[in-house]
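Some notes on the structure that comes next.
The values are calculated or read from the model by the stated rules, or taken from the named source; none is laboratory data. It should be emphasised that the depicted structure is a prediction, and the values quoted were computed from it without experimental measurement. Cβ sites come from the backbone with ideal geometry, for glycine too, and all protein chains shown count toward neighbours.
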Amino acid sequence: MGIDNSLKVDIGGGLQLKNPIMTASGTFGYGSEFADYLDLQRLGGIVVKGISLQPRPGNPPPRIVETSCGMLNAIGLENVGVENFSSAKMPFLRKIGTPVIVNILGDSIEEYSELAEKLNVIEGISAIEVNISCPNVKKGGVAFGTDPVMVKKVTESVKARTSLPVIIKLSPNVTDITATARAAEDGGADTISLINTLMGIAIDHRTRRPKLANIIGGLSGPAIKPVALRMVWQVANAVKIPVIGIGGIMSTEDALEFMVAGASAVQVGTANLVDPDTAERIIDGIGDFVEELGCQSIQEIVGTLRTD
């Protein structure tokens, strides 16, 4: 199947996608896990699960629990580590021909910058997405993403060690999302993605125990969509760099709402776990919408929300 030029989007840093539909980190594994369920070559981009310098075992189970209109997860950033990712996962991803965006995580600025440097020389990586919802162990465990000063420092450190486009993934667990967005932009970010999960807990009233072993987990799915839409709209109006929308996207209509709010592209997350071919169906739906609208490019609808 040929590329539909009307679906191409620019997400910053010189990176152009064949369409605006990407997968969200943590919900799509390393890509190969979904190869039997959809055509990976049709995706705009594949964002792999978060990678750290060393392998991480993650949290003890139970680590996932369903909630009303969503789910809570406390996976604990389990991953194979950057060296294993390079040797065991990238060979498959390179064969697909779809842009690969590597999500990175760390407990210190030094870890982020070292990861950026290592990824910079691995063939086949199109961009780096920085998870700033991680706890800064040198600051008592406060998440990088809640402090604009730290957001800027992390962004600057990553940009200094890579020539790849840098996407900063914002945490919604802040008072003013535009403050952290501007800090990322000031630090040199090429793109901003949002939102990461909202913090929550689930309780078993019979046992009077938390349903997650970690107690607190990240809420995702349709339940967070209105919050995500609001934050995407706020950020798109606060920065000049492209924005990628994330949060409860389950259908073509959901994806288009984020684009109207100001997102140049979107990431499909929890929906992958419900219906593995969701992203491909949304790509088809957006193609139909562009044809129905009679526009030259899907980018024509980006940021067209009318508020007057």
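Some observations on this one:
- Residue count, region 291-308 (criterion: modelled with pLDDT under 95 and aliphatic (A, V, I, L, M)): 1
- Residue tally, condition of a type outside the set (Ser, Thr, Tyr), in contact with a strand residue (DSSP E or B) (Cβ under 8 Å, 6 or more places away or on another chain) and surrounded by 24 or more Cβ atoms within 10 Å (Cβ to Cβ), over region 262-276: 6
- Search result, residues across region 149-165 that are of a type outside the set (Gly, Ala, Ser) and either at pLDDT below 95 or surrounded by fewer than 24 Cβ atoms within 10 Å (Cβ to Cβ) (or both): Val149, Met150, Lys152, Lys153, Glu156, Lys159, Arg161, Thr162, Leu164, Pro165
- Tallying residues that are under 19 Å from Arg161 (Cα atoms) and in contact with a Ser or Thr (Cβ under 6 Å, 6 or more places away or on another chain) within region 84-100 yields 1.
- Sole residue being of a type in the set (Lys, Arg), modelled with pLDDT of 95 or more and crowded, with 18+ Cβ neighbours inside 10 Å, chosen from Lys95, Lys49: Lys49
- Selection status of Leu212, buried (at least 18 other Cβ atoms within 10 Å of the Cβ), within 20 Å of Val302 (Cβ to Cβ) and not β-branched (Val, Ile, Thr): no
- Within region 33-74, tally of residues that are β-branched (Val, Ile, Thr) and within 16 Å of the chain's Cα centre (by Cα): 4
- Checked against the criterion of being closer than 18 Å to Leu194 by Cβ and of a type in the set (Asp, Glu), the candidates Asp288, Asp254 yield just one match: Asp254.
- Total residues in region 35-46, condition surrounded by fewer than 21 Cβ atoms within 10 Å (Cβ to Cβ) and either in a strand (DSSP E or B) or touching a strand residue (DSSP E or B) at 6+ places or on another chain (Cβ under 8 Å) (or both): 0
- Residue count for region 75-113 satisfying the condition of being outside any helix (DSSP H, G or I), without any contact (Cβ under 8 Å) to a residue 40 or more places away in the chain and among the polar types (S, T, N, Q): 2.
- When region 116-134 is filtered for residues that are out of contact with any strand residue (DSSP E or B) (no Cβ under 8 Å at 6 or more places or on another chain) and either part of a helix (DSSP H, G or I) or crowded, with 23+ Cβ neighbours inside 10 Å (or both), the ones remaining, listed by number, are Glu117, Lys118, Asn120.
- Taking region 53-74 as the range and being in contact with a helix residue (DSSP H, G or I) (Cβ under 7 Å, 6 or more places away or on another chain) and in a loop (DSSP other than H, G, I, E, B) as the test, the residues that pass are Leu53, Pro55, Ser68, Cys69.
- Residue in region 135-148 that is within 19 Å of the chain's Cα centre (by Cα), aliphatic (A, V, I, L, M) and part of a helix (DSSP H, G or I) present: no
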